[in-house]
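Quick notes on the structure that follows.
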Protein chains: 2
Amino acid sequence: MQGPLKVAVLGTGRMGCGIIRLLFQKKGLELTGVYGRRTDRAGIDIGKAVGLAEEIGIKISNDLPALLKKAKAHVVIQATCSRVSEAAEEIRTALHQGANVISIAEEMAYPACQSPLIAKELHALALQKKVTVLGTGINPGFVLDLLVIALTGVCWKVESITAKRVNDLSPYGPSVLAAQGVGVTPEAFQKGVAEGSIVGHMGFPESIGMIAKALGWEIDRIEEIRSPIVSRVKRETPFVKIEPGLTAGCNHTALAYRDGNPVIHLVHPQQVHPHLEGVETGDSIKIEGEPNVHFSGSPEIPGGIGTIALAVNMIPHVVNAPPGLKSMADLPVPAAFMGDIRTLLQ
Amino acid sequence: MQGPLKVAVLGTGRMGCGIIRLLFQKKGLELTGVYGRRTDRAGIDIGKAVGLAEEIGIKISNDLPALLKKAKAHVVIQATCSRVSEAAEEIRTALHQGANVISIAEEMAYPACQSPLIAKELHALALQKKVTVLGTGINPGFVLDLLVIALTGVCWKVESITAKRVNDLSPYGPSVLAAQGVGVTPEAFQKGVAEGSIVGHMGFPESIGMIAKALGWEIDRIEEIRSPIVSRVKRETPFVKIEPGLTAGCNHTALAYRDGNPVIHLVHPQQVHPHLEGVETGDSIKIEGEPNVHFSGSPEIPGGIGTIALAVNMIPHVVNAPPGLKSMADLPVPAAFMGDIRTLLQ
């Protein structure tokens, strides 16, 4: 490849802007276009949008087909939404332009889980256009699935898996805090869960689907439970004040059954300032099998930074991959490659 | 694929026999031949050799070309040696028969490191025969390289890496203990290192080569140090008695420099009964970068069981891979797949 690998980014929120900043640090890549859904962002120079000192001459566009036609991107990175149903149309548009797609939409980590028909359709379209679609992110996409699967690789057999991610929501803004039910009464929390406004973590069915496929397990059913983490102390962030007795977050768990037995247990309590009640953050994976395997790290791998890194670090693998819809378990492991990306392309 | 995937195993030592036992537990595979280098093992039924109650009708052969012709193996697993120079001829023979090859020879994890010409030749031959060659094992091949690389995937950039594996040599036999310099005086240890009879860990240059390639780093030089672990207490295994003042093992380290700065530090002290002096075994990976990442597990992933599992668990990935010589960083992560392997083949 003579010129740089051309990349377009969809989304100008916290994740999209982070992805753009990381792309600027990489060699052999060129940002050729940025799309934003919000009409009030159209026309803003992307240098200004991501906090650079100077304008860079690329303006945020609201017109995706026109933008992609102009960007001639080899790779489109999507950071606009969480659900397959919301992500699919932008992905279709990118595929029709002949671009590979990396999406950080949580459900895209394993879209066959929630949207099997759309997954099938995107796979067929990617095959037809000879490009690759990948969903990635810290979770789903890495900690509670890819790392788990990799660690089973040293096992003769696996009986059950427990993986836990304890994190700190303090850096997040109002929309994340609302979705995790932070700062409300336990009763309001239960009501929010029942009504669907408090969703907790998105990605348990996807992580379970990835693990089960990798191990050859048929899963009968998945039980998800969202419990309020009721604070006994005062906690405060720039966006929320929590008095004792109100919720500091959501303890979300999922239990997957195989032949009636629980085999995969994923645990993901998310709250602001967990250390105020002595809770240590971290990631932990326990495999019961032959042999038992236990790996853990503390504090947790930062979610935002990690998701941005994964989206960018997977670029060479996605360009090199055979066409079709892929998961992280189908491709080589990500790496923080710091040379000229073009030297990796096959 | 209608019939089972045919697999031949080269090597009938502890690793080869373990691989055969694990193959018997897998669905969709058939063991079609076993080769042993030792002439005194020829003709022994493999069921008897691996400790089954019954003979299985496959006898160990000393004639590799004849065996491979008869075995019609899709995959050959090699567990006969450690060095590329010792492994290459068996691999060539298997490739000429059109078989994919998985080798647990330590240097085959990244053969371009010690034997660039042979690596190039095996790559060309694999391309010509449209099959894949992979080196794997717990270390090199997994703990101190693949897991390290995967964890850098969440990083924007990496400054340096320290990875440590502390294990227990107590289960091993006389040849491993001798190569680690167990049970001798510190002077005899230094002499053995100087003469090359005490080698310590095999695989540091290979792990460093894999990591450096994944990160796009040029390494100037590697410093390897082998120090005696002098026991202050009495230690004993079925194969060695160690009085205080004699060696319990070898503390082997490697430091890789980039632009004059140390960037990869691998530490692997191996000894019998480390707990007798309060040493906890385990695996640990620390990445200094953006962000810092630290993952660890204790006790260490068992080396023998893990290497056997990796060799067998990589079978579907090797069969599906594009042709050529590959490392673990080039293929999808291993998984303890417990269904019919044929359902994974593309």
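Taken together, the values in this text are just the output of simple stated rules run on the coordinates, not laboratory data. Here the structure is a predicted model, which is why all the values come from computation and not from measurement. Here Cβ is always computed from backbone atoms with ideal geometry, including for glycine, and neighbour counts include all displayed protein chains.
How far apart, in nanometres, would the label points at B:Val199 and A:Arg258 be if each is projected 7 angstrom from Cα along the Cα-to-Cβ direction?
Label-label distance for B:Val199 and A:Arg258, simple model: 3.8 nm.
Around A:Met1, under 15 Å between beta carbons, what's the net of Lys plus Arg minus Asp minus Glu among the other residues? Working shown, then result.
On the way: positive: A:Lys6, A:Lys26, A:Lys27, A:Lys72, A:Arg342; negative: A:Glu30, A:Asp340.
Once positives and negatives cancel, what remains is +3.
Is the C-alpha gyration tensor of the range B:76-126 telling us rounded, prolate or oblate? Criteria: a/c under 1.5 is rounded; beyond that, a/b larger than b/c is prolate, otherwise oblate.
Working: a/c = 1.90, a/b = 1.16, b/c = 1.64.
Since a/c reaches 1.5 but b/c is at least a/b, the shape of the range B:76-126 is classed as oblate.
Return one number: the angle in degrees, 0 to 90 and rounded to the nearest 10, between the long axis of the Cα atoms of helix A:186-195 and the longest principal axis of the Cα atoms of chain A.
Here the helix axis deviates by roughly 50 degrees.
How long is the gain from B:Gln128 to B:Lys72 if the chain were fully straight, where each residue apart is worth 0.36 nm and the alpha carbon distance is subtracted? Could the numbers behind the result be given before it?
Numbers: separation 56, 0.36 × 56 = 20.16 nm, distance 1.81 nm.
Length gained, B:Gln128 through B:Lys72: 18.3 nm.
Only Cα pairs under 8 Å and at least 6 apart count here; give the relative contact order of the range B:22-103 as a rounded whole percent.
Working: 104 pairs, mean separation 20.5, N = 82.
Relative contact order of the range B:22-103: 25 percent.
Could you work out how far helix A:14-25 tilts from the main Cα principal axis of chain A, as a 0 to 90 degree angle to the nearest 10?
Value to nearest ten degrees: 50.
Taking Cα atoms of the protein assembly as shown, Rg/Rh with Kirkwood Rh, to two decimals? Kindly include the intermediate steps, with their values, before the conclusion.
Working: Rg = 26.2 Å, Rh = 26.6 Å.
A ratio of 0.98.
Based on alpha-carbon atoms only, what is the radius of gyration of the range B:193-346 relative to the globular estimate 2.2 N^0.38 Å? Let's see the in-between values first.
Working: Rg = 19.1 Å, N = 154, 2.2 N^0.38 = 14.9 Å.
With N residues counted in the range B:193-346, Rg over 2.2 N^0.38 Å equals 1.28.
Which distance in nm do the two modelled labels at B:Ser298 and B:Val230 give, with both placed 7 Å along the Cα-to-Cβ direction?
Between B:Ser298 and B:Val230, the label points sit 2.6 nm apart.
With the Cα gyration tensor of the range B:1-54 in hand, give its eigenvalues times 5 under a square root as the equivalent ellipsoid semi-axes, listed largest first in whole angstrom. Before the final figure, lay out the partial values.
Details: eigenvalues 82, 29, 19 Å².
So the equivalent ellipsoid measures 20, 12, 10 Å along its semi-axes.
So which residue, out of A:Leu31, A:Leu215, A:Leu246, gets the largest mean-square fluctuation from a GNM of chain A using Cα contacts under 10 Å as springs?
Result: A:Leu215 has the largest fluctuation of those listed.
Taking H as built 1.01 Å from N, whose amide H comes closer than 5 Å to the amide H of B:Lys6, not counting residues under 5 places away?
The list, which skips near neighbours in sequence, is B:Glu30, B:His74, B:Val75.
By the scheme Lys and Arg +1, Asp and Glu -1, what is the net charge of all other residues having a beta-carbon under 15 Å from that of B:Gln97? List each step's numbers first, then the result.
Working: positive: B:Lys6, B:Lys69, B:Lys70, B:Lys72, B:Arg92, B:Lys129, B:Lys130; negative: B:Asp63, B:Glu89, B:Glu90.
Charge balance near B:Gln97 sits at +4.
Roughly how many debye, to the nearest 20, is the charge dipole of the protein assembly as shown about its Cα centre, given +1 on each Lys and Arg Cβ, -1 on each Asp and Glu Cβ, and no other charges?
Using Cβ point charges on Lys, Arg, Asp and Glu, the protein assembly as shown gives about 1420 debye.
Taking N as the number of residues in chain B, what value does Rg over Cα atoms divided by 2.2 N^0.38 Å take?
Working: Rg = 20.4 Å, N = 346, 2.2 N^0.38 = 20.3 Å.
With N residues counted in chain B, Rg over 2.2 N^0.38 Å equals 1.01.
Which distance in Å, rounded to a whole number, links the C-alpha centroids of the range B:207-234 and the range B:81-97?
26
Search the structure for amide H atoms under 5 Å from the amide H of A:Ile264, placed 1.01 Å from N in the peptide plane, and list their residues when 5 or more places away or on another chain.
Sorted by chain and number, the residues that satisfy this are A:Ile161, A:Ala256.
Which of the trypsin sites (Lys or Arg not before Pro) found in the range B:199-244 are in a DSSP loop and have at most 16 neighbouring Cβ atoms, other than their own, within 10 Å? List each step's numbers first, then the result.
Working: sites: B:Lys213, B:Arg221, B:Arg226, B:Arg232, B:Lys234, B:Arg235, B:Lys241; in loops: B:Arg232, B:Lys234.
Hits after loop and neighbour filter: B:Arg232, B:Lys234.
Which ordering of A:Val263, A:Val193, B:Val75 is given by a fewest-first count of other beta-carbon atoms within 10 Å?
Details: A:Val263 22, A:Val193 19, B:Val75 26.
The most exposed by this proxy come first: A:Val193, A:Val263, B:Val75.
In degrees, nearest 10, range 0 to 90: what is the angle between the Cα axis of helix B:84-96 and the longest Cα principal axis of chain B?
20
Provide an ascending nm list, one decimal, of label-point separations from B:Lys69 to the equivalent residue in each further copy; define each label point as 7 Å from Cα along Cα→Cβ.
Spelled out, the distances from B:Lys69's label point are 6.5 nm.
In Å and from the alpha-carbon atoms only, list the Rg and Dmax of the range B:116-269.
18.1, 57
At 7 angstrom along the Cα-to-beta-carbon line, where would the label on B:Ile44 sit relative to the other copies? Give the distances in nm, shortest first.
Ordered by increasing distance: 7.3 nm.
What does the convex hull of the Cα atoms come to per residue for the range B:55-189, in Å³? Numbers along the way, then the final one.
Numbers: hull volume 26.8 nm³, N = 135.
With only Cα atoms used, the range B:55-189 gives 199 Å³ per residue.
Can you give me the distance in nm between label points at A:Glu55 and B:Val176, each placed 7 Å from the Cα along the Cα-to-Cβ direction?
About 6.7 nm, to one decimal.
In percent, how large is the relative contact order of chain A, given Cα pairs closer than 8 Å and 6 or more residues apart?
Computed value for chain A: 20 percent relative contact order.
Put a point 7 Å out from Cα along the line to Cβ at B:Pro322; what are the distances to that point in the other copies, in nm, shortest first?
1.2
What FRET efficiency, computed as 1/(1 + (r/R0)^6) with R0 = 30 Å and r the Cβ-Cβ distance, is obtained for A:Thr343 and B:Glu223, rounded to the nearest 0.05?
0.65
GluC sites (Glu not before Pro) within the range A:278-333: which are DSSP loop residues with at most 14 other Cβ atoms inside 10 Å? Intermediate values should be presented prior to the final figure.
On the way: sites: A:Glu280, A:Glu288, A:Glu300; in loops: A:Glu280, A:Glu300.
Answer by residue number: A:Glu280.
Quantify how strongly other chains surround peptide B:283-296 by giving the mean number of their Cβ atoms within 10 Å of each of its Cβ atoms. Write down the numbers at each step before the final one.
Working: counts 2, 2, 2, 1, 1, 0, 3, 6, 6, 4, 6, 6, 10, 5.
Partner-chain Cβ atoms within 10 Å, mean over residues of B:283-296: 4.
Using a cut-off of 11 Å between beta-carbons, work out the net charge of the residues near A:Gly289 (Lys and Arg +1, Asp and Glu -1, A:Gly289 not included). Walk me through the numbers on the way to the answer.
On the way: positive: A:Lys157, A:Lys286; negative: A:Glu159, A:Glu288, A:Glu290.
With Lys, Arg at +1 and Asp, Glu at -1, the net is -1.
For the range B:260-346, what D do you get in µm² per second when you plug the Kirkwood radius from alpha-carbon pairs into Stokes-Einstein at 37 °C and 0.692 mPa s?
Working: Rh = 16.5 Å.
D = 199 µm²/s.
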